[in-house]
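All remarks here apply to the structure that follows.
Each value in this text was obtained by applying a stated rule to the coordinates, not by laboratory testing. Owing to the predicted nature of the structure, the values given are computational and were not obtained by experimental measurement. We place every Cβ from the backbone using ideal geometry, glycine too, and count neighbours over all the protein chains shown.
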Amino acid sequence: MTNNLKVERAIHDLTQADLADKIGVSRQSINAMEKNKYVPSTVLALKIAKLFDKPVEAIFFLEENE
Amino acid sequence: MNTNYLLSHKYKILGWILFSIGLISGIFMVFSGFESTLLNTKVLSIFNNGILNNEDVTFFKIIENSIVDEITALFIIIGGLIVGFSKEKIEDEFIYKLRTDSLVWAIIFNYLVLIFTIIFIYDMTFLNIMIFNMFTPLVFFVFRFNFLKHKSQSHDE
């Protein structure tokens, strides 16, 4: 799974730390997600989508082989 | 993350202190050959098969023993458990995944090393390895977990 978290963060002018703070996770989590090293749980994905006020599919995408 | 077996974050420092003292004392003991008369104390031996000194089998006997090695072992184990299983400042699902991944890695790595030593190391040397093996799963786990944590913390905003 891939995502455009970085882009969304830029649009809302948030640092990784800001975003982590807003949804109550560690900065490592945001960093790992942006590097596609970590697939968030559904709960976390929904929280992020809610914060950016977009459907989950607008932020997280399946990759070709998934 | 709902985890009911993790200690509160405030215990982490205590864990590191115990773990460090234990490791330092342990390394010191390795080099001094495990023999010590320091802190000789009366202790309760529940069972002793007497194999080491050709003595009789005894049950529930009060004996004299240096408790330096016991304290060292307990410090490493209790300290390591506290460090590995106390919450991070921000405990979330990613940290939880790092912790479980590290545990899996530590177990596999530990037993691969042990397999190697079983095949290639014999006699008393192997027994010495077994002493290390009491602690290596925990030590590998703690170091792997902290290594991954710091690696994923690095750079870019």
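Can you give me the C-alpha center-to-center distance between the stretch A:4-18 and the stretch B:75-94, rounded to a whole angstrom?
Rounded to whole Å, the Cα centres lie 30 Å apart.
Where the only charges are on Cβ atoms (+1 Lys, Arg; -1 Asp, Glu), what is the dipole of the stretch A:2-66 about its Cα centre, to the nearest 20 debye?
Rounded to the nearest 20 debye, it is 240 debye.
Ignore the peptide's own chain and count Cβ atoms of other chains within 10 Å of each Cβ in B:84-94; give me the average, rounded.
Taking the mean over all residues of the peptide, I get 4.
Report, by chain and number, residues whose modeled amide H sits under 5 Å from the one on B:Ser66, excluding near sequence neighbours (fewer than 5 apart, same chain).
Amide H neighbours of B:Ser66, under 5 Å, 5+ apart: B:Thr41.
Taking the stretch B:47-133, which GluC sites (Glu not before Pro) meet the DSSP loop condition and have no more than 14 other C-beta atoms within 10 Å?
Loop-located and lightly packed - B:Glu55.
Would you kindly derive the ³J(HN,Hα) couplings of the stretch A:57-66 from the backbone phi angles with the Karplus curve 6.51 cos²θ - 1.76 cosθ + 1.60 (θ = phi - 60°), listing them in order in whole Hz, with x for Gly and Pro?
5, 7, 10, 10, 10, 6, 8, 2, 8, 9
Of all the stretches in chain B, which is the longest one without any exposed loop site, taking chymotrypsin sites (Phe, Trp or Tyr not before Pro) in a DSSP loop (any state but H, G, I, E, B) with at most 14 other Cβ atoms within 10 Å?
Looking at chain B, B:35-121 is the longest stretch - no exposed chymotrypsin sites (Phe, Trp or Tyr not before Pro) with at most 14 other Cβ atoms within 10 Å.
Considering the options A:Phe61, A:Val7, A:Ser41, tell which one lies farthest towards the positive end of the dipole of chain A, charges being +1 on Lys and Arg and -1 on Asp and Glu at the Cβ, about the Cα centre.
Of the listed residues, the answer is A:Ser41.
Using the Cα centre of the stretch B:49-95 as the reference point, and only Cβ charges (+1 on K/R, -1 on D/E), how large is the resulting charge dipole? Debye, rounded to the nearest 20.
The calculation lands at about 80 debye.
Nothing charged except the Cβ atoms of Lys and Arg (+1) and of Asp and Glu (-1): what's the magnitude of the dipole of the stretch B:1-156 about its Cα centre? Round to the nearest 20 debye.
Once rounded to the nearest 20, the dipole reads 560 debye.
Just going by the charge dipole of the stretch B:1-128, with Lys and Arg at +1 and Asp and Glu at -1 on Cβ, which of B:Leu7, B:Ile76, B:Leu44 is farthest out on the positive end?
Final value for the positive-end residue is B:Leu7.
Where Lys and Arg each count +1 and Asp and Glu each count -1, what net charge lies around B:Gly22 among other residues with Cβ under 13 Å from its Cβ?
In short, -2.
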